[in-house]
Every structure is written in C-alpha cells, then in structure tokens.
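Before any comments, here is the structure.
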Amino acid sequence: MSSVATRPASVTFVVVLMWIFALGSIVGGVLVLTRQIDLSAAESGGDGTAYAWGSIFFGVIMALLAMALARGSRIMRVLIIIVMLVRIATDVYAWFAVSNPPVFQLGLSIAFALLIILLLSTKRAGEFFRR
C-alpha cells in the first residue's frame, strides 16, 4: 500500500482561493496605479501608490505560494499563513490610512485571507502536510 496522502478538498479549495486572491490583488493594484480606482492619495504618490505596489507584490507572492502549496509543501503552509496575516495587516492599514479606500476590495481581501488561514488550520490539512 502507498503511504501517499490524498490532498483534502479544503487544501485544494485554498489553492483555488489563493489563485483568485493573487489575480485580484494584482488587478486591484494595477487599477489603483492606473487611476481606474480613484484614491486621492495615489494621485499624489502617497499611501495609495504604496498600497497598490504592495497589492501587486502580494499577488505575485500568492501565485508562487499557491503553486508550492498544491505540491504539499509544509513550509509553504506556514509561509502562506504568515503572508495572510501580513496581508490582513496591510489591508487594515489601507482601510484607515488611505483617503477614499476601496472598502469592498479591502473587505473581500480580508475575508479571503481569514478563510485561507482557517482552511489551512483544519485537522485534515494538518495531517496532509505532516505526511
């Protein structure tokens, strides 16, 4: 018998969520930079621009982490949880520090990050990554 554990549906769902999260972060950052989303701070090169570049950076990192997580990397599981916590902190900062923040985008981003953390913290996910 093989000792290879099958990937739980929750982990597969996290990989899909991470790809959606990554693409959404990249697109959102590009929209802010190209002023398709109106942030007055972005126009003056302030916090909005920093948020936009941070969003693009996190999107690229999330895409790379999603690929590694799909292969069952235990280290990536821990890194993804850390990145999600940093992402939540960044979104909360933007919510309060940026004038006219994209509240829907930030709220959705925070919800996705929390869901990813919860799904990676399940018992079955833990067993899969301990294999």
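The values are calculated or read from the model by the stated rules, or taken from the named source; none is laboratory data. Since the model is a prediction, treat every value here as computed from it, not as a measurement. Don't worry about glycine lacking a Cβ; one is built from the backbone with ideal geometry, like all the others, and counts go over all protein chains shown.
Summary table
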item	result
Positions within segment 39-63 being surrounded by fewer than 21 Cβ atoms within 10 Å (Cβ to Cβ), at pLDDT below 90 and within 29 Å of R124 (Cα to Cα), in sequence order	I61
Residues (free of Cβ contacts under 8 Å to residues at least 24 places away in the same chain and surrounded by 21 or more Cβ atoms within 10 Å (Cβ to Cβ)) located in segment 77-105	D91
Test: S73 is in contact with a Lys or Arg (Cβ under 9 Å, 6 or more places away or on another chain) and either surrounded by 13 or more Cβ atoms within 10 Å (Cβ to Cβ) or under 21 Å from F57 (Cα atoms) (or both)	no
Every residue from segment 72-131 that is part of a loop (DSSP other than H, G, I, E, B) and at pLDDT 90 or above	S121, T122
Segment 79-112, residues that are among the aliphatic types (A, V, I, L, M) and touching a Leu at 6+ places or on another chain (Cβ under 9 Å)	L79, I80, I81, V83, M84, I88, V92, A94, V98
